[in-house]
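I have placed the structure first, in the form of structure tokens, so that the comments after it can refer back to it.
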Amino acid sequence: MEIERKYLIETLPEGYEAFPSCHIEQGYLNTAPVVRVRRADDDYYLTYKGKGLLAREEYNLPLTEEAYRHLIQKADGIILTKRRFRIPLSTYQKDADPSLIIELDLFEGAYQGLKLAEVEFPSLEAAEAFTPPAWFGRDVTFSGEYQNSRLSAGR
């Protein structure tokens, strides 16, 4: 089960570039239900996601590079590309759960300039009680507007 909140980012936080990052390329074979193929640096996955906004089923299956290259050609819509930074939430909130990670996505290509941050939680209660850092913008979790599968369709 994936439980996450998503925020639109207007101003990047100071020092984010110092954290580990990877380049992501992903395409969608289906959007209802979501079936995605992703390359994150040299790792390749096929992902199934069930329905939902705050919480939903998610399964990741490893792929070979060859399988990924074959499947990405079958993707519908826009192939999304982005740089993802993984930042401990405690960097910006000293009292934060040390296990919580901000995934800061800086989009390239068709969505150049779009910035989103996601935080995944261990429970619905933790997600619902979450207070974001001051630099987070509008909470877009429940709108679905910025789901990657929707972005791949051209919004």
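Here are the numbers for this structure:
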| read-out | value |
| --- | --- |
| Tyr48 - accessible surface, heavy atoms, 1.4 Å probe, Å² rounded to 10 | 80 Å² |
| Heavy-atom accessible area ranking, 1.4 Å probe, most first, across Ser99, Ser149 | Ser99, Ser149 |
| Sum of side-chain charges, Leu106 neighbourhood, beta-carbon under 13 Å (Lys, Arg +1; Asp, Glu -1) | -1 |
| Sum of side-chain charges, Ala75 neighbourhood, beta-carbon under 11 Å (Lys, Arg +1; Asp, Glu -1) | +1 |
| The chain - charge dipole about Cα centre, Lys and Arg +1 at Cβ, Asp and Glu -1, debye rounded to 20 | 500 debye |
| Using a Förster distance of 35 Å, the FRET efficiency for Asp97-Ala32 (Cβ separation, nearest 0.05) | 0.60 |
| For the range 34-155: Kirkwood Rh in Å [reciprocal of mean 1/r, alpha carbons] | 16.0 Å |
| Separation of alpha-carbon centers, the range 1-46 and the range 50-102, rounded to whole Å | 4 Å |
| Fluctuation leader among Arg39, Arg86, Arg56 - the chain, Gaussian network, Cα springs under 10 angstrom | Arg56 |
| Choice from Gly109, Gly27, Gly50 showing the highest fluctuation, given a GNM over the chain with Cα pairs closer than 10 Å | Gly109 |
| Accessible surface, the range 1-118, averaged per residue in Å² (probe 1.4 Å) | 53 Å² |
| Percent carbon-and-sulfur accessible area, the chain, ignoring ligands, DNA and RNA, probe 1.4 Å | 50 percent |
| Ranking by accessible area, most exposed first, for His70, His23 with a 1.4 Å probe | His70, His23 |
| Lys pairs under 27 Å by Cα in the range 30-100, provided they are eight or more residues apart or on distinct chains | 5 |
| Residue-count net charge about Ser149 - beta-carbon cut-off 9 Å; Lys, Arg +1, Asp, Glu -1 | +3 |
| Normalised contact order of the range 92-155, rounded percent, pairs of Cα under 8 Å and 6 or more residues apart | 21 percent |
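The values are calculated or read from the model by the stated rules, or taken from the named source; none is laboratory data. All of these numbers come straight from a predicted model, not from anything done at the bench. Positions of Cβ are generated from backbone atoms using ideal geometry, with glycine treated the same way; all protein chains shown enter the neighbour counts. For the accessible areas, the whole protein counts, side chains as well, though only heavy atoms, and no ligand, DNA or RNA atoms are used. Shrake-Rupley method; radii C 1.70, N 1.55, O 1.52, S 1.80 Å.
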